[in-house]
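Structure first, then comments.
The values are calculated or read from the model by the stated rules, or taken from the named source; none is laboratory data. Every value quoted in this text rests on a predicted model; they were computed, and no experiment measured them. In this analysis, Cβ positions are derived from the backbone assuming ideal geometry, glycine residues included, and neighbour counts consider all displayed protein chains.
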């Protein structure tokens, strides 16, 4: 498992970095914010459009639990406007620190694959 984790982290994908001190804790659930950053990083790399990584900088947040100065803000905005990750639109929440359910992650990856195939 260690070799697999080191192989994945060697790509430098945002959201998949080791914790402070170089540790990687596979038992800690992936948060929705981390999932958004992983998706954003893959979208930017696959599309070659570096401007996507800063597209929403300086904009107001439509979410009560998301501020523009948070490191994951642009990623959340990108993946929610692309309808890759769900929001609670009634309460205007994204719940960035909540665990990303496996089913939602699988749906997001499937939708992302379709988007990238359309490029």
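Give just the number: which of (1) within 13 Å of the chain's Cα centre (by Cα); (2) crowded, with 16+ Cβ neighbours inside 10 Å; (3) not in a loop (DSSP other than H, G, I, E, B) does residue 111 not satisfy? It is condition (1) that residue 111 fails. Quick check: is even one residue across segment 30-50 at pLDDT 90 or above and at positive phi? Scanning segment 30-50, I find at least one residue that is at pLDDT 90 or above and at positive phi, so the answer is yes.
Residue-by-condition table, conditions (1) part of a helix (DSSP H, G or I); (2) modelled with pLDDT of 95 or more; (3) within 12 Å of the chain's Cα centre (by Cα):
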position: 79; (1), (2), (3): yes, yes, yes
position: 84; (1), (2), (3): no, yes, yes
position: 91; (1), (2), (3): no, no, no
position: 96; (1), (2), (3): no, yes, yes
position: 103; (1), (2), (3): yes, yes, no
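In segment 83-95, the qualifying residues are those that are under 20 Å from residue 105 (Cα atoms) and in contact (Cβ under 8 Å) with a residue 12 or more places away in the chain, and the one that is surrounded by the most Cβ atoms within 10 Å (Cβ to Cβ) is 94. Filtering segment 43-56 to residues that are in contact (Cβ under 8 Å) with a residue 40 or more places away in the chain and either in contact with a helix residue (DSSP H, G or I) (Cβ under 6 Å, 6 or more places away or on another chain) or buried (at least 17 other Cβ atoms within 10 Å of the Cβ) (or both) leaves 43, 46. Counting only residues that are surrounded by 15 or more Cβ atoms within 10 Å (Cβ to Cβ), free of Cβ contacts under 8 Å to residues at least 40 places away in the same chain and in a loop (DSSP other than H, G, I, E, B), segment 18-40 holds 1 of them. Taking residue 11, is it part of a loop (DSSP other than H, G, I, E, B), exposed (fewer than 14 other Cβ atoms within 10 Å of the Cβ) and within 17 Å of the chain's Cα centre (by Cα)? Yes; evaluated as a whole, the condition is true for this residue. Kindly indicate whether residue 79 is closer than 25 Å to residue 10 by Cβ, touching a helix residue (DSSP H, G or I) at 6+ places or on another chain (Cβ under 8 Å) and free of Cβ contacts under 8 Å to residues at least 12 places away in the same chain. So residue 79 does not fit the description; no.
Reported count of residues in segment 57-82, each being more than 18 Å from residue 114 (Cβ to Cβ) and buried (at least 19 other Cβ atoms within 10 Å of the Cβ), is 8.
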